[in-house]
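Participant: For reference, the structure I am asking about is given below.
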Amino acid sequence: MFDLVIRGGTIADGTGRAVFTGDVAIKDGRIAEVGTVTGQSAREIDAGGLLVCPGFIDTHTHFDGQVTWDPHLAPSSWHGVTTVIMGNCGVGFAPVRPGQKEYLIDIMEGVEDIPGSALAEGMPWDWETFPEYLDSLDRLPRSIDVATQVPHCAIRAYVMGRDRALDDETTPEDIAQMAAITREAIEAGAVGFSTSRTFLHFSHSGELIPGTHSNPRELVGIARGMAEGGSGVFQMISDSLGKEPDRQWMKQIGQITGRPFIFSMVDVRADADPFEFRDTLEALEQVYQTEGVDIRAAVPWRPPGFLMGLQTSLHPFTHHAVFAEIADLPLEQKVARMRAPEFRAALLADAPDMKKSLTGLVTRFDKMFPLGAQPDYEPRLEDSIAGRAAAAGVSPSEYAYDALLENDGRNFIFVPVAGYTQGNFDILHEMLSHPRSTASLSDAGAHVPSVCDASFTTYMLTHWVKGRTRGARLGLEEVIRKQTSEPADIYAFHDRGAIEVGRKADINIIDLDALELHAPYTAFDLPLGGARVLQKVDGFRYTLVNGEIIAQDGEMTDARPGKLVRGPQSRTASPIERDVVEAVG
């Protein structure tokens, strides 16, 4: 007797093989049969006409704080994600010495734009060492599985103290201690080590974060500690984008660990050559083919960007003195004032303070796009605020003003900050199609007041498989593979990522025809009422974790089958295979 059988679904099994129609039987949280299932079950789901695929694995999240207060890890679980990996970009909350909690919060608030008040109020902080942090996570009930990497910032602060954490150079003793902590973390269940080497990452106090200028020999030393731990992925965000000379020590780390090295391929330089990535990816492919070193570029499903609106901290009028008069009003009062002709005239006549940080960015009307009720993340350049204003015969400021007031002031303006210089996704398509790339960088849990890229896993289907009209699409089987078995293989999670006998029954059942993203919206549901942007979706009929239904038709259930994933995972024999072994034995 099976616990559950999914009948007659269109199965994309996660391996890249062609879809097929079949059944999936589940018992004791594992996939027991795939194909034509004749056995009985306690429950059945009719999946006729529906897509059945593995649960999605999101390798680049920042749920490090939210994981302690939100059992659902929304909105990722709304979008079919069944495993998340935290501790990216070198930031996180363990290890932490007594008295350093505020420093790590300051770093996370600055780098990932997560309200510090929510982190201070919502987290238990019942740990010091990384193994103790994992034990704390392990005690919490949750809907989906979580795994975490050990962050460079926290290790540096722990070893070198607040006063020396920003030093460029380290002593051999410092490196040895950091390597030992990394080894301890890996042995306790960390799935990797992460670091940041970008000038974009500042603490909330305005300092570059620990490790930004660290000598490569420090990272090589830490990699030796990871290698001694026996597993893990080395993750990095860096302004070098995998180019020389960094590529040499990146390769050295890959050789030392024998494990994948992942770096973020997101170039925010306005004057960057948009095709520079080709040489990098080809060099990485040559290194892989000739030396077996696995270095991969993390590439997003759509350009990283942020949303501007009357409920976010940034929009085209943020730095106008006239707007400051109403900035702190509740939304309804703010909208009412903005609809008054005299206020409109005064604000449009006012000039922004160009000395303020980011004023230039939020007034680049040719680089921002109204998002609308049906979000379009691949708009034409002529659909920018500037382009639409010219077509309407009004100023860009007037058009932006009216766009912000749509939907009673809840509308958003989308500002892509990287990867959209050509006004289409053709470059992204080329990157995503390259064997040295891996689909990633949702940043779920981060930049919550103005970003919701946790919907990447829905968007890859609605846009790349179903809806793209201005360029080549991607095949369903390949898109599913890149979000399931590929990340599972990278992180050695061999117990998930495919619809195969013996794997975990982490499964999505999706009405692909009905799959549709809603417009993002602002919710005030963080600890102490902090704001974040969320995005709902239609079309996910069921999401299962360990064989239990955690979501049905857009609603979360009371099931809490999610676990902490500690290190590499092995595929286990299915219940039927165990029965056969016992019978033979």
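Participant: Give the label of the value calculated from the structure for semi-axes √(5λ) of the Cα gyration tensor in Å, choosing from (1) 94, 38, 17; (2) 52, 28, 22; (3) 38, 31, 23.
Facilitator: After the calculation, the listed value that fits is (3).
Participant: Right, here's the next one. Per 0.36 nm of contour for each residue apart, how much would the distance between Asn215 and Ala391 grow if the chain were fully extended, relative to their Cα-Cα spacing?
Facilitator: Separation in residues times 0.36 nm, less the Cα-Cα distance, equals 58.1 nm.
Participant: I've got another one for you. Would you work out the relative contact order for the chain, in percent, from Cα pairs under 8 angstrom that are 6 or more residues apart?
Facilitator: It rounds to 21 percent for the chain.
Participant: Let me ask something else about it. As an exercise, use a Förster radius of 41 Å and the Cβ-Cβ distance of Glu187 and Gln374 to find the FRET efficiency, rounded to the nearest 0.05.
Facilitator: 0.25
Participant: Can you list the HN-Hα couplings for region 65-77, worked out from phi with the Karplus curve (6.51, -1.76, 1.60; θ = phi - 60°), rounded to whole Hz and with x for Gly and Pro?
Facilitator: Karplus-based 3J(HN,Hα) across region 65-77 equals x, 4, 4, 8, 10, 10, x, 8, 6, 6, x, 4, 5 Hz.
Participant: Specify which residue in the list Leu241, Gln255, Met265 is farthest towards the positive end of the charge dipole of region 223-271, using unit charges on the beta carbon of Lys, Arg (+1) and Asp, Glu (-1), about the Cα centre.
Facilitator: Gln255
Participant: A follow-up question, please. Of Leu134, Ala18, Thr195, which is farthest on the positive side of the dipole of the chain, counting Cα position, with +1 on Lys and Arg Cβ, -1 on Asp and Glu Cβ, and the Cα centre as origin?
Facilitator: Ala18
Participant: Just report the Cα centroid separation between region 243-308 and region 363-436, whole Å.
Facilitator: 27
Participant: Can you grab the distance from the C-alpha centre of region 88-148 to the C-alpha centre of region 182-224, Å, no decimals?
Facilitator: 15
Participant: Per DSSP helix of 4 or more residues, -39500 (n - 2.57); summed, then divided by the residues of the chain. What does that give at 222 nm, rounded to the nearest 500?
Facilitator: Computed mean residue ellipticity for the chain: -9000 deg cm²/dmol.
Participant: Using a Förster distance of 30 Å, how high is the FRET efficiency between Arg97 and Arg560, based on the Cβ-Cβ distance and rounded to 0.05?
Facilitator: 0.40
Participant: Using the Cα centre of region 1-137 as the reference point, and only Cβ charges (+1 on K/R, -1 on D/E), how large is the resulting charge dipole? Debye, rounded to the nearest 20.
Facilitator: Dipole of region 1-137, to the nearest 20 debye: 600 debye.
Participant: Can I ask one more? Order these peptides, 106-115, 320-329, by their mean beta-carbon neighbour count within 10 angstrom, highest first.
Facilitator: In descending order of packing, they fall as 106-115, 320-329.
Participant: Packing-wise, with mean Cβ within 10 Å as the measure, how do 465-476, 124-135, 24-35 rank, highest first?
Facilitator: Top of the packing list down: 24-35, 124-135, 465-476.
Participant: Taking amide H positions as placed 1.01 Å from N in the peptide plane, with prolines and chain starts having none, which residues 5 or more places from His204, or on another chain, fall under 5 Å of its amide H?
Facilitator: Hits under the 5 Å cutoff: Ile107, Glu109, Gly110, Val111.
Participant: Let me have the relative contact order for region 451-585, percent, based on Cα pairs under 8 Å that are six or more residues apart.
Facilitator: 21
Participant: In debye to the nearest 20, how big a dipole does the chain give about its Cα centre with +1 on each Lys and Arg Cβ and -1 on each Asp and Glu Cβ?
Facilitator: Using Cβ point charges on Lys, Arg, Asp and Glu, the chain gives about 400 debye.
Participant: If region 333-374 were replaced by its equivalent ellipsoid, with semi-axes equal to the square roots of 5 times the Cα gyration tensor eigenvalues, what would those be, largest first, whole Å?
Facilitator: Whole-Å semi-axes of the equivalent ellipsoid: 21, 18, 9.
Participant: Then there's this: In the neighborhood of Gly92, defined by Cβ-to-Cβ distances under 12 Å, what is the net charge if each Lys or Arg adds +1 and each Asp or Glu adds -1?
Facilitator: -1
Participant: Sticking with the crude label model, points 7 Å out along Cα→Cβ, report the distance from Glu132 to Leu361 in nm, one decimal please.
Facilitator: Between Glu132 and Leu361, the simple spin-label model gives 3.7 nm.
Participant: Then there's this: If you stretched the chain out fully between Glu478 and Gln255, how much longer would it get, using 0.36 nm times the residue separation minus the C-alpha to C-alpha distance?
Facilitator: Between Glu478 and Gln255, full extension yields 77.4 nm more.
Participant: Could you check what % of the DSSP bridge pairs in the chain are antiparallel, to the nearest 5?
Facilitator: 55
Participant: What's the Kirkwood radius of region 417-541 in Å, using all Cα pairs?
Facilitator: 16.4
Participant: Put +1 on the Cβ of every Lys and Arg and -1 on every Asp and Glu Cβ in the chain; which of Val448, Pro568, Tyr420 then has its Cα farthest towards the positive end of the dipole?
Facilitator: Tyr420
Participant: So, one more: Could you work out the relative contact order of region 296-375? I mean the mean sequence separation of Cα pairs under 8 Å and 6+ apart, divided by the number of residues, in percent.
Facilitator: For region 296-375, the relative contact order is 29 percent.
Participant: Another question about this same structure. Charges at C-beta only: +1 for Lys and Arg, -1 for Asp and Glu. How large is the resulting dipole of region 429-585 about its Cα centre, in Debye rounded to 20?
Facilitator: 440
Participant: OK, next. What residues qualify as long-range amide H neighbours of Phe93, i.e. H under 5 Å apart, gap of 5 or more or another chain, H built at 1.01 Å from N?
Facilitator: HN-HN under 5 Å from Phe93: empty list.
Participant: Highest mean first, what order results for 285-291, 298-304, 557-563 on Cβ atoms within 10 Å?
Facilitator: 298-304, 557-563, 285-291
Participant: Work out Dmax and Rg for region 308-416 from the C-alpha atoms and quote the Rg first, both in angstrom.
Facilitator: Rg, Dmax (Cα atoms, Å): 13.1, 36.
Participant: Return the subset of Lys466/Lys504; Lys251/Lys482; Lys466/Lys563; Lys251/Lys466 for which the Cα-Cα distance in this structure is over 30 Å, preserving the input order.
Facilitator: Lys466/Lys563; Lys251/Lys466
The numbers here are math on the coordinates, done by the rules we state, and not lab data. Please read all numbers here as calculations on a predicted model, not as lab measurements. Here the Cβ is made from the backbone with ideal geometry for all residues, glycine too, and neighbour counts use every protein chain on show.
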